[in-house]
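The values are calculated or read from the model by the stated rules, or taken from the named source; none is laboratory data. Quick caveat: nothing in here was measured; it's all calculated off a predicted structure. A quick note on method: Cβ atoms are made from the backbone with ideal geometry, for glycine too, and the neighbour counts reach across all protein chains shown.
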Amino acid sequence: MSALPGRSRLPSSTIPLIDWVIIVCYLIGSTAIGLFASRAPKTAEGFLVGGRQLTWWMLLFSIVATETSTVTFLSLPGTSFVEGGNLTFLQLTLGYIAGRLILTWLVMPIFFSGAYLTAYEILQNSFGPNVRSVVSVLFLVMRNLADGLRLLLTGWLINAATGFDFTTCVVAMAVCTAIYSGVGGVASVVLNDCLQFAMYMIGAAVVMVLLVRDAPGGSEAMWQFAEETGRLRLLDFDTSLFTKSITFWSGLIGGATLTMASHGADHMMIQRYLCSRSRREASWAVGLSGPVVALQFLLFLAIGIALAYWHSQGALGYEIAKGDQALIGFVVHRLGIGLRGLVIASVLAASMSTLSSSLSASAGVLVNDLGKRLIPDMSDAGLLLGAKVATFAFAAVQTVVAVGAYYALSPDSTVISAVLGIAGFSTGLVLGIYLLGAALGRASETAGLIGIACGLAACCYAKFAADVSWPWFSLIGATTTFFTGYLISLAVPPRTQTA
């Protein structure tokens with residue numbers, strides 16, 4: 001992805017009252033809809049997996065909305081906006097689609113082999129309680145650190161666009177999201193994800209229509225500009241592992257492993273499958289999400305190309321220091337009253353969909369994978385109460401991360417990029433553990449723990465020493481974890497273990 005947005009150089013403007021009304025109504029409305037539709041689940045199963053009654057199409061849009069953060073919404077157009085930008089990022093979606101199809105065949109049966117509340121329960125059957133606990137802690141730390149930083153980036157963007165106080169922006173998003181997530185559970189989260197998907201796609205479509213309709217010289221001139229500047233280039237068959245751009249091979253192979261890891265080993269996604277009425281419906285949801293993401297990415301990249309054309313004609317009317325400032329600048333300076341509020345609300349929707357999913361998934365892992373180990377006889381009522389309290393607690397944690405990082409770090413800090421990169425390692429490691437368990441049926445905890453440690457070390461080496469391109473990280477983590485764990489399991493057979 002492109003560089004992180006800068007705090008001081010983003011264009012800013014005063015937001016008219018009517019735009020504020022739209023933004024506030026969106027925040028209140030999304031909270032109210034989530035509360036009304038959830039009907040306050042009475043059991044832990046209802047709160048954590050929606051009673052396993054959610055339809056495939058709701059889960060489809062929830063999956064797409066969850067993996068689309070504000071940074072994606074605003075930064076992806078920047079990759080095609082900048083000099084040398086093009087459509088090669090779409091090669092990654094080839095792997096996304098392939099990986100999801102493999103996932104439905106290879107990994108999905110694992111999640112429907114029992115009535116699980118969380119993804120990591122399965123690991124106890126293959127490795128024992130310690131591996132389950134380590135993976136759960138890894139998930140909680142990485143998920144809340146990364147999503148706290150994503151909340152930080154959203155706060156920066158909203159602050160720059162509106163001039164409103166950063167801390168107030170972050171707290172407002174966190175509170176509204178925590179209310180409907182903490183009261184209504186995952187069913188409320190999924191419903192709001194569907195609404196938020198529609199919201200940010202409408203916002204993006206409005207921007208695209210206006211860019212084409214009002215293009216200087218017309219849409220034909222814009223298309224000619226895209227052709228002449230190479231921005232319509234789609235495929236790159238470079239075989240280097242070290243290029244920073246997306247290639248066909250890193251997109252297909254790395255993207256497939258990345259999506260198998262993110263959608264087959266991260267409880268934030270797996271929670272959606274556990275909510276479905278059947279394995280078939282879960283497979284439909286995850287399988288179709290790949291093409292939907294590809295179409296969504298195409299729209300975002302097309303916006304970037306259109307903005308580049310406007311910029312080449314001197315028609316934007318504001319300075320752009322970085323590519324990922326182009327869209328937010330257009331929203332602030334070029335959209336009319338009302339439309340501006342709609343698109344800023346769309347930015348909030350992209351953020352809140354990811355935040356709510358993170359809170360719900362984190363709460364489930366904390367109470368079910370860690371809490372029940374500490375309190376084995378915890379009642380269903382206790383589990384439900386614990387999950388609700390944990391949802392609000394994690395909202396507070398991510399808010400503290402965002403606000404603390406705001407005062408401690410520069411928006412261009414390499415620390416932020418590094419942490420977000422490391423957070424992506426965990427899903428590859430867990431995918432390797434799942435595959436190891438599936439291959440062996442039963443393995444020693446020693447094999448699992450050493451496999452995770454070696455996988456993490458390999459990913460860190462690839463990122464910080466070898467400077468390998470990021471789409472390969474999940475493949476490196478998964479294969480290192482799997483093969484190291486497999487070799488250790490030959491020397492250290494599993495013991496009879498109990499919870």
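Any residue at all in segment 275-290 that's buried (at least 24 other Cβ atoms within 10 Å of the Cβ), in contact with a strand residue (DSSP E or B) (Cβ under 9 Å, 6 or more places away or on another chain) and part of a loop (DSSP other than H, G, I, E, B)?
yes
List the residue pairs whose Cβ atoms are under 8 Å apart, where the first residue sits in segment 433-452 and is within 12 Å of Pro494 (Cβ to Cβ) and of a type in the set (Val, Ile, Thr), the second is surrounded by fewer than 20 Cβ atoms within 10 Å (Cβ to Cβ) and modelled with pLDDT of 90 or more, and the two are 6 or more positions apart or on different chains.
Thr446/Ile488
Considering segment 161-201 alone, what residues qualify as being small (Gly, Ala, Ser) and out of contact with any helix residue (DSSP H, G or I) (no Cβ under 7 Å at 6 or more places or on another chain)?
Those that are small (Gly, Ala, Ser) and out of contact with any helix residue (DSSP H, G or I) (no Cβ under 7 Å at 6 or more places or on another chain): Gly163, Ala198.
Pick from Ser188, Ser250: which is more than 22 Å from Thr55 (Cβ to Cβ), within 23 Å of the chain's Cα centre (by Cα) and outside any loop (DSSP other than H, G, I, E, B)?
That would be Ser250, the only listed residue that is more than 22 Å from Thr55 (Cβ to Cβ), within 23 Å of the chain's Cα centre (by Cα) and outside any loop (DSSP other than H, G, I, E, B).
Considering only residues that are farther than 18 Å from Thr229 by Cα, small (Gly, Ala, Ser) and free of Cβ contacts under 8 Å to residues at least 60 places away in the same chain, which ones fall in segment 296-328?
Listed by number, the list holds a single entry, Gly317.
Within segment 291-322, take every residue that is part of a loop (DSSP other than H, G, I, E, B) and within 30 Å of the chain's Cα centre (by Cα) and give me the one that is surrounded by the fewest Cβ atoms within 10 Å (Cβ to Cβ).
Residue satisfying both the conditions and the ranking: Glu319.
If you scan segment 440-454, which residues turn out to be modelled with pLDDT of 90 or more and among the charged types (D, E, K, R)?
Glu445
Which condition does Ala172 not pass, out of (1) surrounded by fewer than 24 Cβ atoms within 10 Å (Cβ to Cβ); (2) of a type in the set (Gly, Ala, Ser); (3) farther than 21 Å from Leu152 by Cβ, if it passes all the others?
Result: Ala172 fails condition (3) only.
For segment 466-492, how many residues meet the condition of being at pLDDT below 85, of a type outside the set (D, E, K, R) and assigned to a loop (DSSP other than H, G, I, E, B)?
Adding up the residues that qualify gives 3.
If we keep just the residues of segment 424-439 that are buried (at least 20 other Cβ atoms within 10 Å of the Cβ) and among the hydrophobic types (A, V, I, L, M, F, W, C), which is modelled with the lowest pLDDT?
Phe425
Quick check on segment 469-499: of everything there that is surrounded by fewer than 20 Cβ atoms within 10 Å (Cβ to Cβ) and touching a Leu at 6+ places or on another chain (Cβ under 7 Å), which residue is nearest to Gly254 (Cα to Cα)?
Per the criteria, the residue is Ser469.
So that you can scan it fast, the table gives a plain yes or no per residue for (1) more than 23 Å from the chain's Cα centre (by Cα); (2) assigned to a loop (DSSP other than H, G, I, E, B); (3) under 20 Å from Leu435 (Cα atoms); (4) of a type in the set (A, V, I, L, M):
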| site | (1), (2), (3), (4) |
| --- | --- |
| Tyr116 | no, yes, yes, no |
| Val131 | yes, no, yes, yes |
| Val134 | no, no, yes, yes |
| Val137 | no, no, yes, yes |
| Met142 | no, no, no, yes |
| Leu152 | no, no, no, yes |
| Ala161 | no, no, no, yes |
| Phe164 | yes, yes, no, no |
| Cys169 | no, no, no, no |
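In segment 92-114, which residues are of a type in the set (Phe, Trp, Tyr), touching a residue at least 12 places away in the same chain (Cβ under 8 Å) and in a helix (DSSP H, G or I)?
Tyr96, Phe111 - these are the residues of segment 92-114 that are of a type in the set (Phe, Trp, Tyr), touching a residue at least 12 places away in the same chain (Cβ under 8 Å) and in a helix (DSSP H, G or I).
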